[in-house]
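Take a look at the structure below.
The values are calculated or read from the model by the stated rules, or taken from the named source; none is laboratory data. These figures come from a predicted structure and were not determined experimentally. In this analysis, Cβ positions are derived from the backbone assuming ideal geometry, glycine residues included, and neighbour counts consider all displayed protein chains.
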Amino acid sequence: MNNIFSTVKSFYHKLGSFPWFYKFSSKFIPIVFILGFPIFFLGIIWGIYFSPTDVTQGEIYRIIYLHVPAASVAQTVYFAMAIAGFVYVVWKMKMAGLFIYAMAPIGASFTILALISGAIWGQPTWGTWWIWDARLTSTLVLLLFYLVIIGLYSSFDNKKSADQAVSILTMVGAINLPIIKKSVDWWNTLHQPATIKVFSESSIANEMLYPLLICIFSFYILVFLFGLMAMRAEIAKRELNKSWFKNLVLGND
Amino acid sequence: MIDLTNISTHLSIVLGLTFLIILINLVIPLRKLKRIKKQVKKIESA
């Protein structure tokens, strides 16, 4: 038990090291790339091409295979950022601050995808592109938080002050996540309740559910890939004057 | 199974947007890193 604990502790400390993380991510990125894209294409092709047609919505429902994964990762990325914000504020771990800055644009892009795909799906099914119901509005608030975090970071000259400010803001914005999640239960919304249920039967046929789960899983792998790439690039930017980085670039390692 | 002659414009737009977002998230960090490495080589050769 002590060995497991010290291994985890050692890995945690390594994660906080810019040189270690840079080298680790450089080796890991190709593996995640090779893993992620085949699974993504499997899910997309299975869902969009092979899954059965919906009796009510016809073919338009197939947007679910992009909309739901995008919405899911958008919220999860913010949750991870909020945890990083807490880690930064408490332990001043530089990597945590960098994580927030690197992940915010990724989270924002998938939130935009979720909102636009939702609007495109909503227009033929609900008869409207947009409605100010709880789910849509709280997801729009999520996007605004992402954009404000990116803007706030850019407004500081000092990286430490920027990390501190965005960490606090990210934690404050985390209150929106349970609101998004529970919005369809707490309020009378146009957006349908959760399709996938963990503790009871999902309200979707298995032939449609399985490719959806694969798409969700593949989106998480892709976001992990983008996160590694973004963090590696940001580490390079922050460490470009350090000898370890210069030696790496010039091949003097 | 989908009737490919009936694939809606809506689905096509969403698919296109997804691939665009994936491409952007792949290309931007790669270009950023390339630029930084170029900058380091330029500084060191000066």
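General remarks:
- Number of the exception - A:Leu136 against (1) under 18 Å from the mean Cα position of the chain (by Cα); (2) in contact (Cβ under 8 Å) with a residue 40 or more places away in the chain; (3) within 14 Å of chain B (Cβ to nearest Cβ): (3)
- Within the stretch A:49-81, restricting attention to residues that are among the polar types (S, T, N, Q) and under 19 Å from the mean Cα position of the chain (by Cα), the residue that is farthest from A:Ile175 (Cα to Cα) is A:Ser72.
- The condition of being hydrophobic (A, V, I, L, M, F, W, C), part of a helix (DSSP H, G or I) and at pLDDT below 95 holds for only one of A:Leu209, A:Leu222, that being A:Leu209.
- Applying the criterion of being in contact (Cβ under 8 Å) with a residue 24 or more places away in the chain and in a loop (DSSP other than H, G, I, E, B) to the residues of the stretch A:51-73, the residue that is surrounded by the most Cβ atoms within 10 Å (Cβ to Cβ) is A:Ser51.
- Residue list for the stretch A:83-94, restricted to those being among the aliphatic types (A, V, I, L, M) and surrounded by 23 or more Cβ atoms within 10 Å (Cβ to Cβ): A:Ala84
Each row is one residue, and each column tells you yes or no for (1) exposed (fewer than 11 other Cβ atoms within 10 Å of the Cβ); (2) over 19 Å from the mean Cα position of the chain (by Cα); (3) aliphatic (A, V, I, L, M); (4) in a helix (DSSP H, G or I).
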site: A:Lys27; (1), (2), (3), (4): yes, yes, no, yes
site: A:Gly36; (1), (2), (3), (4): no, no, no, yes
site: A:Ile44; (1), (2), (3), (4): no, no, yes, yes
site: A:Gly47; (1), (2), (3), (4): no, yes, no, yes
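- Checked against the criteria, A:Ala114 counts as within 14 Å of chain B (Cβ to nearest Cβ) and under 19 Å from B:Ser12 (Cβ atoms).
- Contact map, the stretch B:28-46: residues that are on the phi < 0 side of the Ramachandran plot and surrounded by fewer than 14 Cβ atoms within 10 Å (Cβ to Cβ) paired with residues that are outside any helix (DSSP H, G or I) and at pLDDT 95 or above, Cβ distance under 6 Å, separation 6+ or inter-chain. No pairs are found.
- Residue within the stretch A:83-96 that is at pLDDT below 95, in contact with a Leu (Cβ under 8 Å, 6 or more places away or on another chain) and more than 16 Å from B:Ile21 (Cβ to Cβ) present: yes
- Within the stretch B:4-46, the set of residues being of a type in the set (Lys, Arg) and either touching a strand residue (DSSP E or B) at 6+ places or on another chain (Cβ under 8 Å) or at the interface with chain A (Cβ under 7 Å from one of its Cβ atoms) (or both) comprises B:Lys32, B:Lys37, B:Lys41.
- The condition of being assigned to a helix (DSSP H, G or I), over 20 Å from A:Pro69 (Cα atoms) and within 14 Å of chain B (Cβ to nearest Cβ) holds for A:Pro124.
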